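Heads up, the thing below is written out as structure tokens.
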Amino acid sequence: MPIHPPLSAVAPTPANGPGLDLARLRHRAQGLIVPLTLLALWETVVALGWVSAHLLPPPSELLLTLTDLSQSGVLAAHIGVSVLRVLAGFAIGASLAIVAGAAVGLSPRVEAWLDPTFQALRAIPSLAWVPLLLLWLGIDEAPKLTLIAIGAFFPVYLNLVAGIHNVDRKLVEVGGVYGLSGSKLVRRIFLPAALPNLFTGLRSGLSLAWMFLVAAELMAATRGLGYLLTDGRETGRADLVLIAILTLALLGTLSDSLLRRLEVRLLAWRDVFDRRFA
């Protein structure tokens, strides 16, 4: 289904050029200053003996561990399993949230029936679901995917409902003037106007999916980055724990960047203020 901008939206041609490219590169380079500084301080503190290398292995030692895990294929296998779990759980949770959010946002009757239940369910802490899912679904993939889907569901649902509720009344009236109603009004007015909120929810849901992945892979898993965390703790290897944490951070950042690029592409019709080039 094609996604159209709202009728009132003007489709600007984004300005581009060498100046903006340099500004973007400078903006991205600035984001590396803090982590690189922290890595240098980390290496120095351990080298000076202020912190035990057994408890906090320096970045140089982590690099050796990372090389060993990469060459043996162990890290790639754990990453592959975790990525598949996150993608599957996120797809299930986000899809159900879009259907439920659209129904609740567009229909006051459906909202009266379903929204109080969803508001109560989202208040349940994630770890509280673990024993119940183990009892109901066993220890295979089903409880892990279900827990990740629960984590992704509520941010998408809440942001989509808020986006539909906040659609400008004048846009709806203009749509009526142009003869739009029913599904056409939803496709031409409500969906494009709610897309920014939807993408905010999708990015939040994806971040939570990675967080819930760790809790899910603590449930009798034998593969995945969550299992690597547990294995490092049980064997007293802080380097494995740190490698798993850094890999999760990298994958979470990468997946969010991809979703952010998709958001920019689909919402290119928006004329928004860019603070980076002010």
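The values are calculated or read from the model by the stated rules, or taken from the named source; none is laboratory data. All values derive from a computational prediction rather than experimental measurement. Each accessible area value is taken on the protein alone, full model and side chains, heavy atoms only, with ligands, DNA and RNA left out. Shrake-Rupley method; radii C 1.70, N 1.55, O 1.52, S 1.80 Å.
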Listed values (i) 72, 58, 30; (ii) 90, 39, 32; (iii) 62, 49, 34, entry calculated as Cα extents along the principal axes in Å = (i)
Using modelled backbone amide H atoms (1.01 Å from N, in-plane), which distant-in-sequence or interchain residues come within less than 5 Å of Val167's amide H?
-> none
Mean-square fluctuation maximum in Gaussian network of the chain, Cα pairs under 10 Å, restricted to Ala29, Ala220, Ala53, hits Ala29
For the range 67-152: rounded, prolate or oblate by the Cα gyration tensor [a/c cutoff 1.5] = prolate
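Keeping the other protein chains in place, figure out the carbon and sulfur percent of the accessible area of the chain, with a 1.4 Å probe. Working shown, then result.
Values: 10890 of 16330 Å².
Answer for the chain is 67 percent, counting heavy atoms of protein chains only.
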Given the options Glu61, Glu111, Glu217, state which has the largest fluctuation in a GNM of the chain using a 10 Å cut-off (strictly under) for Cα springs.
-> Glu61
Determine ³J(HN,Hα), in whole Hz, for all residues of the range 240-252 in sequence, where each value follows from phi through the Karplus function 6.51 cos²θ - 1.76 cosθ + 1.60 and θ = phi - 60°; x replaces Gly and Pro.
-> 5, 4, 5, 4, 5, 5, 5, 5, 4, 5, 5, 5, x
Mind checking which of Leu180, Leu75, Leu242 has the largest fluctuation in a GNM of the chain, springs on alpha carbons under 10 Å?
-> Leu180
³J(HN,Hα) across the range 220-235 via Karplus (A = 6.51, B = -1.76, C = 1.60, θ = phi - 60°), whole Hz, x for Gly/Pro?
-> 6, 7, 10, 9, x, 5, x, 5, 4, 4, 5, 4, x, 5, 5, 9
Give a residue-ordered list of calculated ³J(HN,Hα) values for the range 31-37 (Karplus: 6.51 cos²θ - 1.76 cosθ + 1.60, θ = phi - 60°; whole Hz; x for Gly, Pro).
-> x, 8, 5, 5, x, 5, 5
